[in-house]
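Quick notes on the structure that follows.
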Amino acid sequence: MSRFMHPRYAPLDAYVPGEQPRDKKYIKLNTNESPYPPPPAVCQAVTRQAIDDLRLYPDPDALPLKKALAELYGVEAENVFLTNGSDDILNFAFMAFGEKGVAFADITYGFYKVIASLNCLPAQVIPLKEDFSLDYTDYLGLNKLIAIANPNAPTGMPIPLWQVEEILKSNPDSVVLIDEAYVDFGGDSAVELTKKYENLLVVMTFSKSRSMAGARLGFAIGSAEIIADLEKLKYSTNPYNIDRLTQICGLAAVENNDYFIDCCRKIQTTRERTAAALKGLGFTVLPSKTNFLFVSCPGKTGEQLYTGLRQRGILVRYFSGERTGNFIRVTIGSDSEMDAFLAAIKDILN
Ligand SMILES: *Cc1c(COP(=O)(O)O)cnc(C)c1O
C-alpha cells in the first residue's frame, strides 16, 4: 500500500478470483462458468448497427432489459436493479443497508467478507452446522443486514423458502439479501416473497445459469423503495455501468429463456451422474442444487486433489481453512469434460 492510500484500507484483503491461466488449455471447472455458449439469438443481436452505436452512451436505465426481466419474474420495472455483474449489487447493498453491521455464514461466498471490510462494516460471522447446513434460527432477530447465498457456495446446499421467510419476518427493520447466483440449477427462488416483504433483496446474475459471465450482468429484485436506494448509489458512482452490447445481449438472452432452462437441466443431469460416480469412488459429496459439487476424498487434502488435477490439465478450486481444507469445488462442465475429470480422479487414486 502506498503512503497515499487512505489508511482505512490497510486491513482490506481483496477477493482472489479463480485462476484464468494462459499457459496451456485446461478443462476449466474452477469458476462455475457454463460449458454451454449463449443461444444464437444473442450472437445475432450484435449487429453492425450495434457496433456503430458504441459511439453513444448506453441507456443508463437499461429500460428494455429491465422490463423484460420484470416480465419474466412477474414484477414491475421499478422492482429491478441492474449492475455490471452481481458483485456490484452486493457492494451497493452493503453500502446502503449495512449501517448496523452485516451477518453471513463462515463458509459462504468470499466476497461478503471483503465487501464488509471495504465498507468498514462490523461483520458477524455465523458458523454453518457440522454437516455444512445453515441453521436459520441463527439468523432470527439479528436486526442487521443479513447476506445468505441460497443455494450456498461453495457447499451447494440450499435452505427452504419457509426458512427464508422466517428470517424476513424476524428482521423487519433490516434488509435480508438472498444471493441466488445458483438458484436456476434446482433451488427455489424467493422472488415471490419480494411482494410481501419490503426488506427482501434477491440478487441474481447472468454469469452462471445464463452463460454470460464475460458480459458482466447482474440484477436484483426487491421493493421499489430499496431498489430506489440502490439506484441512488449507482447514479452516484457509475450511471453507465452496463455497456450497450451487454444490454443488447442480455435482452436477447431473456427473450430466449427456454434455451437456458434446457442448459440448466443438462447441467443438473451431468451433476447427478458425476456425484454418483464420485460417491462410487469413496468421495464425500455434499448435496448440491448448483452447477458445482463440493467434494472430499479420504486421505487427500483439497490442495493435493487440486494439484493432481491441475497436472492432468483440469482446474478446480480448493479452499484452505480447517473445515474446508479437505474439499475441492468442482464446476459441472459438459459430459465429456466430466468424463475427463472422473478419469483424472481415478488416475490420481491409483
Ligand atoms: C458468481 C457469484 C456471484 C457474482 O457473480 P457476478 O459474475 O459478479 O455476477 C455472486 N454470488 C455468488 C454466490 C456467486 O457464486
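A few comments on the model shown:
- If you go through the stretch 92-109 and pick out every residue that is open to solvent by 40 Å² or more (accessible area, probe 1.4 Å), more than 16 Å from the ligand (Cβ to nearest atom) and aromatic (Phe, Trp, Tyr), you end up with 0.
- Answer from 201, 193 - the residue that is more than 11 Å from the ligand (Cβ to nearest atom), crowded, with 20+ Cβ neighbours inside 10 Å and either in a loop (DSSP other than H, G, I, E, B) or in contact (Cβ under 8 Å) with a residue 24 or more places away in the chain (or both): 201
- For the stretch 240-248, the criterion of being open to solvent by 10 Å² or more (accessible area, probe 1.4 Å), more than 16 Å from the ligand (Cβ to nearest atom), at pLDDT 95 or above and not in a helix (DSSP H, G or I) is met by at least one residue.
- When 9, 15 are screened for being within 16 Å of the ligand (Cβ to nearest atom), farther than 26 Å from residue 249 by Cα and surrounded by 12 or more Cβ atoms within 10 Å (Cβ to Cβ), only 15 passes.
- For the stretch 75-84, the condition of being assigned to a helix (DSSP H, G or I), closer than 30 Å to residue 200 by Cβ and charged (D, E, K, R) holds for at least one residue.
- Residues of the stretch 215-239 that are within 16 Å of the ligand (Cβ to nearest atom), part of a loop (DSSP other than H, G, I, E, B) and small (Gly, Ala, Ser): none at all.
Yes/no matrix, rows are residues, columns are (1) over 18 Å from the mean Cα position of the chain (by Cα); (2) within 13 Å of the ligand (Cβ to nearest atom); (3) open to solvent by 20 Å² or more (accessible area, probe 1.4 Å):
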| position | (1), (2), (3) |
| --- | --- |
| 111 | no, yes, yes |
| 125 | yes, no, yes |
| 129 | yes, no, yes |
| 136 | yes, no, yes |
| 146 | no, no, no |
| 150 | no, yes, no |
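- Pairs meeting the criteria (first residue in the stretch 32-50 and free of Cβ contacts under 8 Å to residues at least 40 places away in the same chain, second residue in a loop (DSSP other than H, G, I, E, B) and among the small types (Gly, Ala, Ser), beta carbons under 9 Å, at least 6 apart or on different chains) are lacking.
- Of the criteria (1) open to solvent by 60 Å² or more (accessible area, probe 1.4 Å); (2) among the polar types (S, T, N, Q); (3) under 24 Å from the mean Cα position of the chain (by Cα), which one residue 311 fails: (3)
- Hits in the stretch 22-41 - residues which are out of contact with any helix residue (DSSP H, G or I) (no Cβ under 7 Å at 6 or more places or on another chain) and open to solvent by 40 Å² or more (accessible area, probe 1.4 Å): 22, 23, 24, 25, 28, 37, 40
- Taken over the stretch 160-182, the criterion of being out of contact with any helix residue (DSSP H, G or I) (no Cβ under 9 Å at 6 or more places or on another chain) and within 15 Å of the ligand (Cβ to nearest atom) is satisfied by 182 alone.
- Within the stretch 29-45, the residues that satisfy the criterion of being outside any loop (DSSP other than H, G, I, E, B) and in contact with a Cys (Cβ under 9 Å, 6 or more places away or on another chain) are 42, 43, 45.
- If you go through the stretch 42-91 and keep only what is over 12 Å from residue 219 (Cβ atoms), open to solvent by less than 20 Å² (accessible area, probe 1.4 Å) and under 23 Å from the mean Cα position of the chain (by Cα), you end up with 42, 90.
- Given (1) at negative phi; (2) surrounded by fewer than 22 Cβ atoms within 10 Å (Cβ to Cβ), index of the condition residue 299 fails: (1)
- Here residue 71 clears all of (1) under 19 Å from residue 180 (Cα atoms); (2) not in a helix (DSSP H, G or I) except the condition numbered (2).
The values are calculated or read from the model by the stated rules, or taken from the named source; none is laboratory data. What you see is a predicted model, and the numbers here were worked out from it, not measured in a lab. Every residue, glycine among them, receives a Cβ derived from its backbone with ideal geometry; neighbour counts consider all protein chains shown. Accessible surface areas use protein heavy atoms only, side chains included; no ligands, DNA or RNA. Shrake-Rupley method; radii C 1.70, N 1.55, O 1.52, S 1.80 Å.
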